[in-house]
Amino acid sequence: MKEEQRDQLIIVGVYGHIGILSTALDAFMLDIKPFVIGDAIADFSKEDHLNTLKYVAGRSGSVKSVDEFIESVTPCSSSGELSLESMRQDVANILDVDLDEVDVDENLIFLGLDSIRVMTLHSRWKKRGIDIDLAEMVGKNTIKDWWDSVQVAA
């Protein structure tokens, strides 16, 4: 990680009180900032799960939810009216690609859009008062299709 000049580690997975906790502690000891995504880890029991999160948060790292983490690392276009162009900008931002790479008719899966990012976009647009159904977004793979859905709902 040092060769790549990285000092942060996002940790998700299973066996919270074993692998997740060990990874977070090891990262901390190596001066790497561990971020455990609390709702993206699993354990044998709720008690083990909560103990892991409490231990990491209190001693070695940061615990965030998927939504909190994604919100903290992805920029969003300014609030206000949603437009086809602002949707395009939001998609480019969340995929960390140049705006020129995002065509409104392109299948976004081929650009790397996954379900977590779709949920993030949906959440952000809902907060801005945009009425778009998450299931519809998941079922459609282009910005143009999403825009058409927003227009029908308006």
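Could you tell me whether any residue of the stretch 102-116 is in contact with a helix residue (DSSP H, G or I) (Cβ under 6 Å, 6 or more places away or on another chain) and of a type in the set (Asp, Glu)? Even if it seems obvious, please write down each step before you answer.
The first filter runs over the stretch 102-116 and keeps only residues in contact with a helix residue (DSSP H, G or I) (Cβ under 6 Å, 6 or more places away or on another chain), leaving 102, 104-105, 111-112.
Among the residues that remain, those that are also of a type in the set (Asp, Glu) are: 105.
Yes, the stretch 102-116 contains a residue that is in contact with a helix residue (DSSP H, G or I) (Cβ under 6 Å, 6 or more places away or on another chain) and of a type in the set (Asp, Glu).
Candidates 31, 7: the one that is in contact with a strand residue (DSSP E or B) (Cβ under 7 Å, 6 or more places away or on another chain) and either assigned by TED's automatic domain parsing to the domain that holds residue 125 or of a type in the set (Asp, Glu) (or both) is 7.
Within the bounds of the stretch 47-61, is there any residue that is under 18 Å from the mean Cα position of the chain (by Cα), among the hydrophobic types (A, V, I, L, M, F, W, C) and within 18 Å of residue 10 (Cβ to Cβ)?
From the stretch 47-61, those under 18 Å from the mean Cα position of the chain (by Cα) are none; that's our starting set.
No, every residue in the stretch 47-61 fails to be under 18 Å from the mean Cα position of the chain (by Cα), among the hydrophobic types (A, V, I, L, M, F, W, C) and within 18 Å of residue 10 (Cβ to Cβ).
Only one of these is in contact (Cβ under 8 Å) with a residue 12 or more places away in the chain and out of contact with any His (no Cβ under 9 Å at 6 or more places or on another chain): 37, 18, 41. Name it. Walk me through how you get there before you give the answer.
Values: 18 fails: in contact (Cβ under 8 Å) with a residue 12 or more places away in the chain; 41 fails: out of contact with any His (no Cβ under 9 Å at 6 or more places or on another chain).
Checking each option against the conditions leaves just 37.
The number of residues in the stretch 86-119 being surrounded by 15 or more Cβ atoms within 10 Å (Cβ to Cβ), closer than 15 Å to residue 145 by Cα and of a type in the set (S, T, N, Q) comes to 1.
Checked against the criterion of being part of a helix (DSSP H, G or I), over 18 Å from the mean Cα position of the chain (by Cα) and charged (D, E, K, R), the stretch 104-111 has no qualifying residue.
Among the numbered conditions (1) touching a residue at least 40 places away in the same chain (Cβ under 8 Å); (2) over 30 Å from residue 32 (Cβ atoms); (3) under 12 Å from the mean Cα position of the chain (by Cα), the only one that residue 69 does not meet is (2).
With respect to the stated conditions, residue 42 fails to be under 22 Å from residue 72 (Cα atoms) and not acidic (Asp, Glu).
Among the residues of the stretch 21-65, how many are charged (D, E, K, R) and closer than 25 Å to residue 2 by Cβ? Of the residues in that region, 5 qualify. A single member of 149, 83 is outside the structural domain of residue 40 (by TED's automatic domain parsing), more than 21 Å from the chain's Cα centre (by Cα) and surrounded by 16 or more Cβ atoms within 10 Å (Cβ to Cβ), and it is 149. Taking each residue of the stretch 116-139 that is of a type outside the set (A, V, I, L, M) and looking for partners that are not in a helix (DSSP H, G or I) with beta-carbon atoms closer than 7 Å, six or more apart or interchain, yields 120/74; 122/132; 124/76; 125/82; 125/132; 128/79; 128/82.
Filtered by the rule that a residue be of a type in the set (A, V, I, L, M), assigned to a helix (DSSP H, G or I) and under 21 Å from residue 67 (Cα atoms), the stretch 127-154 gives 134, 135, 137, 138.
The values are calculated or read from the model by the stated rules, or taken from the named source; none is laboratory data. Owing to the predicted nature of the structure, the values given are computational and were not obtained by experimental measurement. Methodologically, a virtual Cβ is constructed for each residue, glycine included, from the backbone with ideal geometry; neighbour enumeration extends over all protein chains shown.
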